[in-house]
């Protein structure tokens, strides 16, 4: 208990990796309910997160609305507020998350309800046609944690089940990470902990092998996709590091992701991607730029300064 209290106060990622290991050793929660327990911290760290999710809400069709993996319930609240006459349902595979959300719904007298079960069985869990299924930062978790891990097959099963449950003209509304196009990026590591965090990240990232080319004491080169994964894990800070390092946030580049989703939903004859304005198709969520300012410098493979890669995307798949 002394070590737990001590490590919790430290600012280096290595302490929080050890903290998680100690908690795992003694069967303590640190924290399998991360999405529920840390939602408030998430919103505080990324002050635009609520407005960003609000933009996603505007793409939802009213009627019968289901959110898969509702986390702390922020999107359920937004859906209820935006669509006061719609039926809003959350579906989550975690019994602990469902119990926490049910308590929250009772405490605030919410109209939305929560259902426990696997999203691959959505048609059984929520019988009858659904007008919109919402995936808010969930499909990358399906990809990262469903066995076998880091397999598109697990994402496909969840998407196929959601699409099958849609009414004619219904929508899948997806907000998630997006992988940058192929390329090379160079990082100048300015913050005191940047080098140590990168080394720990390279050793522990579970999504794939990270290849680093050393260019100097404080400079490295790596793929654009690997740079994106590291930078946005680094942004969240040491307390989140042991959990973020287990996930791959960007599954596919935007156009590849859209094409794959349409194919899973039966191809162009059965589904199509609704056109969206370029500024919301793929974008950098506010907050990352500020959190990384002064900590790193990002350039391309020829040392030309470049913008941070897009962090998020919005995709809408409609059932014909």
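Each residue in 15, 241 was given a count of other beta-carbon atoms within 10 angstrom of its own, and listing them fewest first yields 15, 241. Counting every pair of alpha carbons in region 163-320, the share spaced more than 24 Å apart comes to 40 percent. Legend: Rg and Dmax of the chain, from Cα coordinates, 20.0, 61 Å. Note on residue 293 and residue 3: with the Förster distance fixed at 30 Å, the Cβ-Cβ geometry gives a FRET efficiency of about 0.35.
On a 0 to 90° scale, report how tilted helix 95-107 is relative to the longest principal axis of the chain, with both axes built from alpha carbons and the result rounded to the nearest 10. Compared with the principal axis, the helix lies near 70 degrees. Calculate the spin-label point distance for residue 94 paired with residue 263, positioning each point 7 Å from the Cα along the beta-carbon direction, and give it in nanometres. So the two model labels end up 3.2 nm from each other. Report note on the peptides 221-230, 90-99, 51-60: ranked by the mean count of other C-beta atoms within 10 Å, highest first, their order is 221-230, 90-99, 51-60. Highest average first, the peptides 243-249, 199-205, 145-151 ordered by how many other beta carbon atoms sit within 10 Å of their residues are 243-249, 199-205, 145-151.
For the chain, modelled as a GNM whose springs connect Cα atoms under 10 angstrom apart, the maximal fluctuation among 178, 142, 306 occurs at 306. Multiplying the residue separation of residue 283 and residue 153 by 0.36 nm and removing their Cα-Cα distance gives an extension gain of 44.2 nm. The stretch between residue 167 and residue 22, if pulled fully straight at 0.36 nm per residue, gains 47.5 nm over its current Cα-Cα span. Could you state the angle between the C-alpha long axis of helix 254-264 and the longest principal axis of the C-alpha atoms of the chain, as a value from 0 to 90 degrees rounded to the nearest 10? Once rounded, the angle reads 40 degrees. Antiparallel beta bridges, as assigned by DSSP with both residues in the chain, represent about 60 percent of the total such bridges.
Every number here is computed from the coordinates shown, using simple stated rules; none is lab data. Given the structure is predicted, the values throughout are model-derived calculations rather than measurements. Cβ sites come from the backbone with ideal geometry, for glycine too, and all protein chains shown count toward neighbours.
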